[in-house]
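Encoded as structure tokens, the structure appears first; notes follow it.
The values are calculated or read from the model by the stated rules, or taken from the named source; none is laboratory data. As the structure is a prediction and not an experimental result, all values here were calculated from the model. Note that we place each Cβ from the backbone using ideal geometry, even for glycine, and neighbour counts take in every protein chain shown. Surface accessibility is based on the protein's heavy atoms, side chains included, excluding ligands, DNA and RNA. Shrake-Rupley method; radii C 1.70, N 1.55, O 1.52, S 1.80 Å.
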Amino acid sequence: FVVQLHSGGKLADMNILRRTGGRPWLISAVEKTEPASRVPREMVVIPSSTIKYTIGANDNFIPHPVPEERSVELDSFLIDKYPVTNLDYYKFVFATNYYPRDTSNYLKHWVDGIYKPGQEKYPVVYISLEDAKAYADWVGKRLPTEDEWQLAAQGTDNRLWPWGNEFHGTKCNNSFDRATPVDAFPKGGSPYGVYDMVGNIWQMTNDLWSNGTNYFITIRGGSYYKPDSSWWYVEGGPQALDKTQMLLLVSPGFDRSSTVGFRCVKDL
């Protein structure tokens, strides 16, 4: 803010005041699932660990709440090997007749209530946080916290990519400008055998933040779309595991996007 004092038509004094937005704080809690009695075929076990990692935001448009360094103790849990696919979500819709109150952009990429032929293994997108949680509740799972997502992607050795410290464009969707099947890159798995963690679609987490005026969720992994026309866009392409991103929540219809999906976890 520039504050000026004028006297007799002349500038007598001026002050420049700088104010930043409030730093968000975590407002979400983890609602534990029913403990799993077995390991489903589509999930893997992430053993209990103390994870230490350094993380930073790609932009400072919204002051990020996460400290640069974290050390977190996590109990063991199960996580989906792959992001939730169009076929997975179709089974949910078919079984429950789920229909959100705000239908704007809901499953916008589907035609006549079903995914396009040949895209059953593509990650489901154009869903909101509410839609994702509805699916997770139906299958007896939940969304991962950012710490859980980090451990599943990185392991405990603080690597920069799920497969190691060097980036390999053949191990993920490397800005192809379109989504790919979730199992398209079998060499890009994490130390625990979790796939498609980076590059294909941003993945929602359970972490919900508020700065007093707005709500945000943490999303991870990057997406196939890499904008290059303006610095105002969220940076796309595969994102290293030391990068995080916040998604501003406006309304379910506005929040739905072609580049944001999710995977689930289950407690042990």
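How many of the residues in the range 215-226 are of a type outside the set (Lys, Arg), within 22 Å of Phe185 (Cβ to Cβ) and open to solvent by less than 90 Å² (accessible area, probe 1.4 Å)?
Kept after step one, since they are of a type outside the set (Lys, Arg), are these residues of the range 215-226: 215-219, 221-225.
If we keep only those that are within 22 Å of Phe185 (Cβ to Cβ) as well, we get 219, 221-225.
Checking which are open to solvent by less than 90 Å² (accessible area, probe 1.4 Å) leaves us with 219, 221-224.
Residues that pass the stated criteria total 5.
Let me confirm something: among Asn206, Asn200, which residue is assigned to a loop (DSSP other than H, G, I, E, B), closer than 21 Å to Ala132 by Cα, of a type in the set (S, T, N, Q) and in contact (Cβ under 8 Å) with a residue 12 or more places away in the chain? Working first, answer last.
On the way: Asn206 fails: assigned to a loop (DSSP other than H, G, I, E, B).
On inspection, the qualifying residue turns out to be Asn200.
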Next on the checklist: Please go through the range 243-267 and give me each residue that is surrounded by fewer than 16 Cβ atoms within 10 Å (Cβ to Cβ) and in a loop (DSSP other than H, G, I, E, B), ordered by number.
Outcome noted: Val250, Ser251
Next on the checklist: Just checking, does the range 43-62 include any residue being over 16 Å from Ile219 (Cα atoms), in a loop (DSSP other than H, G, I, E, B) and open to solvent by 90 Å² or more (accessible area, probe 1.4 Å)?
Outcome noted: no
Next on the checklist: Could you tell me how many of the residues in the range 67-97 are exposed (fewer than 11 other Cβ atoms within 10 Å of the Cβ) and either part of a helix (DSSP H, G or I) or in contact with a helix residue (DSSP H, G or I) (Cβ under 9 Å, 6 or more places away or on another chain) (or both)?
Outcome noted: 1
Next on the checklist: Considering only residues that are part of a loop (DSSP other than H, G, I, E, B), surrounded by 10 or more Cβ atoms within 10 Å (Cβ to Cβ) and either touching a Lys or Arg at 6+ places or on another chain (Cβ under 9 Å) or without any contact (Cβ under 8 Å) to a residue 12 or more places away in the chain (or both), which ones fall in the range 1-34?
Outcome noted: Val30, Glu31, Lys32, Thr33
Checklist outcome for this item: With criteria (1) touching a residue at least 60 places away in the same chain (Cβ under 8 Å); (2) outside any loop (DSSP other than H, G, I, E, B), Ile219 comes up short on (1)
Checklist entry - Among the listed residues Gly193, Gly212, which satisfies the condition of being surrounded by fewer than 17 Cβ atoms within 10 Å (Cβ to Cβ), in a loop (DSSP other than H, G, I, E, B) and modelled with pLDDT of 95 or more? => result Gly193
Checklist entry - Out of all the residues in the range 111-133, is one or more under 16 Å from the mean Cα position of the chain (by Cα), open to solvent by 20 Å² or more (accessible area, probe 1.4 Å), within 22 Å of Cys264 (Cα to Cα) and charged (D, E, K, R)? => result yes
Item to check | Residues of the range 226-241 satisfying the condition of being modelled with pLDDT under 95, of a type outside the set (Gly, Ala, Ser) and closer than 26 Å to Glu166 by Cβ | outcome: Lys226, Pro227, Asp228, Val234, Glu235
Checklist outcome for this item: Filtering the range 158-189 down to residues that are free of Cβ contacts under 8 Å to residues at least 24 places away in the same chain and crowded, with 19+ Cβ neighbours inside 10 Å yields Lys171, Phe185
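Any residue that is among the small types (Gly, Ala, Ser) and at negative phi - is there at least one of those in the range 110-121? Spell out how you get there, then give the answer.
Step one: filter the range 110-121 for residues among the small types (Gly, Ala, Ser), giving 113, 118.
Keeping just the survivors that are at negative phi gives none.
So far as the range 110-121 goes, no, none of its residues is among the small types (Gly, Ala, Ser) and at negative phi.
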